[in-house]
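Presented below is the structure to which this report refers.
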Amino acid sequence: MKIDVLPYYGKQTDNHLYNTTVIVVDVLRATTCMICALNGGADKIVPTVDAGDAVAIAGRLGQRECVLGGERGGIKISGFDLGNSPKEYLGRAVKNKTVIVSTTNGTGAIHSVRSADMVMLGAMINRTAVAKAAAARGDDVLIVCAGTEHQPSADDLCTAGAIIDAMHYYADFAEGDLSDMALICEKLYADMRDGSFDIKKTFHCARLLRLGFEEDVDFCFEEDATDTVPVYRDGIIQKL
Ligand code: MLT
């Protein structure tokens, strides 16, 4: 089994995704929020790249059925019910509802891998659960990081490293099975854990802290808080 990491999403070729389990990571904060929404009792999640599409889908479903969530530049989209803070998705707001979400990078990353056989969502809060589920399939694994505005984002790379770290418990790897990017992510995660790499100084994390989202950042970096593994299939995200 081979593991590779795309540091930020782009146009994936079908060839790249063939016989591959894809794990999309947007730890700050889109995939963390989606895991929370399912834990909060959401029926399903519909991710859209465009905020207007989210509004149109909500209009078709009607207000009682759904909740609109998302952000641009970290800030709640005007007129939406929820922003992109994980705790907003844990409560009554989402229970038994369809959550329609549009975010700056995360929903684009999910959409970019829609042709893969299996797309799971990963974050720190489910890193071991998603590693176990991906390893159990036995296919090669591609971790697609959302990144920030088409640049690598260290928070996602560390999370990719954390997932790969957990995978060692569930699969044996031969020399060369982990790509150079996978090895770099593992090293970054190890450095974050031992305190020699300060995630809070990196671009997206620092921006969220400036915007007052310290509680979100701390929540998003709690490891293994849940066993929930969301799966994206036919435009919809539900529990595995
Ligand atoms: C995104 O999709 O870009 C993010 O999740 C941004 C954020 O709200 O932190």
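Listing for the model above:
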quantity	calculated
Odd one out for Leu61 among (1) of a type in the set (A, V, I, L, M, F, W, C); (2) open to solvent by less than 70 Å² (accessible area, probe 1.4 Å); (3) free of Cβ contacts under 8 Å to residues at least 40 places away in the same chain; (4) out of contact with any helix residue (DSSP H, G or I) (no Cβ under 9 Å at 6 or more places or on another chain)	(2)
Exclusive hit being assigned to a strand (DSSP E or B), within 16 Å of the ligand (Cβ to nearest atom) and in contact with an Asp or Glu (Cβ under 6 Å, 6 or more places away or on another chain), set Leu121, Leu68	Leu68
Residue within segment 77-98 that is over 21 Å from Gly41 (Cα atoms) and touching a helix residue (DSSP H, G or I) at 6+ places or on another chain (Cβ under 7 Å) present	yes
Among (1) more than 16 Å from the ligand (Cβ to nearest atom); (2) in a helix (DSSP H, G or I); (3) over 18 Å from Thr20 (Cα atoms); (4) open to solvent by 40 Å² or more (accessible area, probe 1.4 Å) - the single one Asp224 does not satisfy	(2)
Condition met for Gly79 (surrounded by fewer than 20 Cβ atoms within 10 Å (Cβ to Cβ), in contact with a Ser or Thr (Cβ under 8 Å, 6 or more places away or on another chain) and either assigned to a loop (DSSP other than H, G, I, E, B) or basic (Lys, Arg) (or both))	no
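The values are calculated or read from the model by the stated rules, or taken from the named source; none is laboratory data. Remember, it's a predicted structure, so these values are computed and weren't measured experimentally. Quick reminder, even Gly has a Cβ in these numbers, built from the backbone with ideal geometry, and neighbours come from all protein chains shown. Ligands, DNA and RNA are stripped out before the accessible areas are found, and what is left, the full protein with its side chains, is counted by its heavy atoms. Shrake-Rupley method; radii C 1.70, N 1.55, O 1.52, S 1.80 Å.
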